[in-house]
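Structure record follows, encoded as structure tokens.
Throughout, read-outs are computed from the coordinates displayed, never taken from laboratory work. It should be emphasised that the depicted structure is a prediction, and the values quoted were computed from it without experimental measurement. Cβ sites come from the backbone with ideal geometry, for glycine too, and all protein chains shown count toward neighbours.
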Amino acid sequence: MGINETLKALADPVRREILEQLKSGPKNAGEIGEHFELKGATISHHLSILKAAGLIDAQKKGTFITYYLNTSIFEEVVGWVAKLKGE
């Protein structure tokens with residue numbers, strides 16, 4: 001995982017909306033998918049990209065996988081941007 005993967009993941013509006021949804025707390029793929037007119041496989045693809053970029057984490061509970069924000073990666077991105085600004 002690196003900054004390139006993180007920025008690529010953030011470039012897609014669907015993935016940014018998924019992150020917005022997860023701000024209110026953990027959700028499973030079905031709960032996330034309810035907010036989109038996309039197939040489940042497409043939602044899963046976006047979740048995989050977000051997970052690979054380190055922006056979300058997942059925890060399996062029974063037959064469901066719950067997704068939640070990984071805020072530490074956001075701190076890294078903010079730190080990277082701050083370095084660019086010379087702060």
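Quick rundown of the values:
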quantity: Some residue of segment 60-70 being within 21 Å of L7 (Cα to Cα) and assigned to a helix (DSSP H, G or I); calculated: no
quantity: Test: S48 is loosely packed, with under 12 Cβ neighbours inside 10 Å, free of Cβ contacts under 8 Å to residues at least 12 places away in the same chain and either part of a loop (DSSP other than H, G, I, E, B) or among the polar types (S, T, N, Q) (or both); calculated: no
quantity: Selection count where residues are without any contact (Cβ under 8 Å) to a residue 24 or more places away in the chain, among the aliphatic types (A, V, I, L, M) and surrounded by 15 or more Cβ atoms within 10 Å (Cβ to Cβ), scope segment 57-80; calculated: 1
quantity: Residue within segment 9-16 that is basic (K, R) and under 13 Å from the mean Cα position of the chain (by Cα) present; calculated: yes
quantity: Qualifying residue in segment 41-58 (condition: among the basic types (K, R) and more than 18 Å from G2 (Cβ to Cβ)); calculated: no
quantity: Residue list for segment 1-20, filter: more than 19 Å from S72 (Cβ to Cβ) and either in contact with a strand residue (DSSP E or B) (Cβ under 6 Å, 6 or more places away or on another chain) or surrounded by 13 or more Cβ atoms within 10 Å (Cβ to Cβ) (or both); calculated: D12, V14, E17
quantity: Filter result for the condition that a residue is part of a loop (DSSP other than H, G, I, E, B), touching a residue at least 40 places away in the same chain (Cβ under 8 Å), surrounded by 15 or more Cβ atoms within 10 Å (Cβ to Cβ) and not hydrophobic (A, V, I, L, M, F, W, C), over G54, G25; calculated: G54
